[in-house]
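In what follows, a structure is listed as structure tokens, so that the remarks can point back to it.
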Amino acid sequence: MKKRTLFIVIIVASLGIYGVWIPVESRDSSKPKENLAAEQFIQKYLVKGDGRIQTDLLDQKDIYLSETVGLWMDYLLEKNDNAQFRDTVDTLKKYFLTKHYLVAWELRGNEKAPANAFIDDLRIMAALYRAGEKWNHPVYTKLAENMEASLLRYQTRNGWFVDHIDLESKYQGDTITLSYIIPDGFEQMQSLPEEWKSQTKQLLVGAPASSRGFYPKSYNTLSDKFSFDTEVNLIDQFYVGYHRAQWNGDVEPLLKFAKSAFAKEGKLYGRYSLNSGEPVVAFEAAAVYALAILMCLELGEHDFARQLYHSMKEMQQLDEGLPYYGGYTDVYSEDTHTFDNLLALLAERKGIDETIF
């Protein structure tokens, strides 16, 4: 009996040594995932030596956005890149964060904008909460708690969060843009009154759709009225659709429009008429496809997500013999925007992780 027990122990130990029975995920769970082509482009052409990410390659090379910081954090979490995330937090604290733990929405050189953008503060706060838990790093959690406290103190009016505030005077706007409502941000908050979260959730999932399947742009917290844009930006629409889906809201009207428009033209344009549902511009945007993909992944619409992914990838520069490899950019005009690259990168990462692409 003792010999048999000893034999089993030796076999198990051997299997452990050679890794036969240990899942690959457990061995590599601490390692970042592979660098996708769009990340290579961002790292090579858009990330400055001080860690800030410029907005484009042309006239906005010295403009940096809090939007970029938040989306980059989201991607690094998906990639499991602790080291780059840590560097991004340092950049956030050094350049964007105010003494009241609010985030300037833009930097022009080293000059901070006088206002914030709620969506960016909310996204960054949520990313810090998730990173604190993911990597067992209480410093991130503490920073997120400080940001949450400031949002609750300065960014709310009668239980509603508003789009922006003046960073000095704390003067508030009156409206909340529906695409600014990120469910994960509200779910991550630890001190948010439940009734405030419930009324915001109901606002997002209960917002009415137009006859063409479009959602309102914003809600005025004083007049209790929704506003629609006459020219509908699909980036706003797919943000709303993605976030509604995350809170189990009905997205069928927008999904129906997207499928119909894509089937008709073989592409999605940037803006459409609210009344006619026809395109009013002739350009596509990687960010439009990326957000539509994220919405479809959330809805389980995998076939449509793959079609959109194919169209998005056609916009990417994948010739290694030319400049700007990996970027969603035109080689000759150098026309690109960090927003498009980051959202496309995030959508591709999620689709790969879910084995959809």
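The values are calculated or read from the model by the stated rules, or taken from the named source; none is laboratory data. Keep in mind that this is a model prediction, so the values were computed, not measured. Note that we place each Cβ from the backbone using ideal geometry, even for glycine, and neighbour counts take in every protein chain shown. With ligands, DNA and RNA removed, areas are computed over all heavy atoms of the protein, side chains included. Shrake-Rupley method; radii C 1.70, N 1.55, O 1.52, S 1.80 Å.
Assorted remarks:
- Close Cβ contacts (under 8 Å, 6 or more residues apart or on different chains) running from residues in region 257-274 that are buried (at least 18 other Cβ atoms within 10 Å of the Cβ) to residues that are in a loop (DSSP other than H, G, I, E, B) and acidic (Asp, Glu) comprise Leu268/Glu284; Gly270/Glu284; Tyr272/Glu278.
- Search result, residues across region 270-284 that are more than 22 Å from the chain's Cα centre (by Cα), part of a strand (DSSP E or B) and closer than 12 Å to Asp229 by Cα: Tyr272, Ser273
- Annotation for region 317-335: no member residue is part of a helix (DSSP H, G or I) and either at pLDDT 95 or above or surrounded by 13 or more Cβ atoms within 10 Å (Cβ to Cβ) (or both).
- Boolean, Ala292 is of a type outside the set (D, E, K, R), open to solvent by less than 20 Å² (accessible area, probe 1.4 Å) and either at negative phi or touching a residue at least 60 places away in the same chain (Cβ under 8 Å) (or both): yes
- Checking each residue in region 84-125 for being under 21 Å from Leu345 (Cα atoms) and open to solvent by 50 Å² or more (accessible area, probe 1.4 Å) picks out Arg86, Asp87.
- Residue list for region 194-219, restricted to those being open to solvent by 40 Å² or more (accessible area, probe 1.4 Å) and in a loop (DSSP other than H, G, I, E, B): Pro208, Ala209, Ser211, Arg212, Lys217
- Test: residue in region 298-308 that is in contact with a helix residue (DSSP H, G or I) (Cβ under 6 Å, 6 or more places away or on another chain), open to solvent by 40 Å² or more (accessible area, probe 1.4 Å), part of a helix (DSSP H, G or I) and on the phi < 0 side of the Ramachandran plot: yes
- Condition broken by Lys31, with the remaining ones in (1) basic (Lys, Arg); (2) closer than 18 Å to Arg130 by Cα; (3) at pLDDT 95 or above satisfied: (3)
- Residue list for region 108-148, restricted to those being more than 16 Å from His164 (Cα to Cα) and among the hydrophobic types (A, V, I, L, M, F, W, C): Ala126, Ala127, Leu128, Ala131, Trp135, Val139, Leu143, Ala144
- Among the residues of region 261-283, not a single one is of a type in the set (A, V, I, L, M) and within 19 Å of Ile356 (Cα to Cα).
- Residue in region 243-256 that is closer than 13 Å to Leu178 by Cβ, of a type in the set (Gly, Ala, Ser) and part of a strand (DSSP E or B) present: no
- Evaluation of Ala287 against the conditions (1) surrounded by fewer than 19 Cβ atoms within 10 Å (Cβ to Cβ); (2) part of a helix (DSSP H, G or I) shows that the sole unmet condition is (1).
- Residue list for region 136-179, filter: of a type in the set (Phe, Trp, Tyr), within 29 Å of Ala287 (Cα to Cα) and either open to solvent by 50 Å² or more (accessible area, probe 1.4 Å) or out of contact with any strand residue (DSSP E or B) (no Cβ under 8 Å at 6 or more places or on another chain) (or both): Tyr140
- Residues that are of a type outside the set (Gly, Ala, Ser) and not in a helix (DSSP H, G or I), drawn from region 132-161: Trp135, Asn136, His137, Gln155, Thr156, Arg157, Asn158, Trp160, Phe161
- Of all residues in region 50-65, one or more are within 16 Å of the chain's Cα centre (by Cα), on the phi < 0 side of the Ramachandran plot and not in a loop (DSSP other than H, G, I, E, B).
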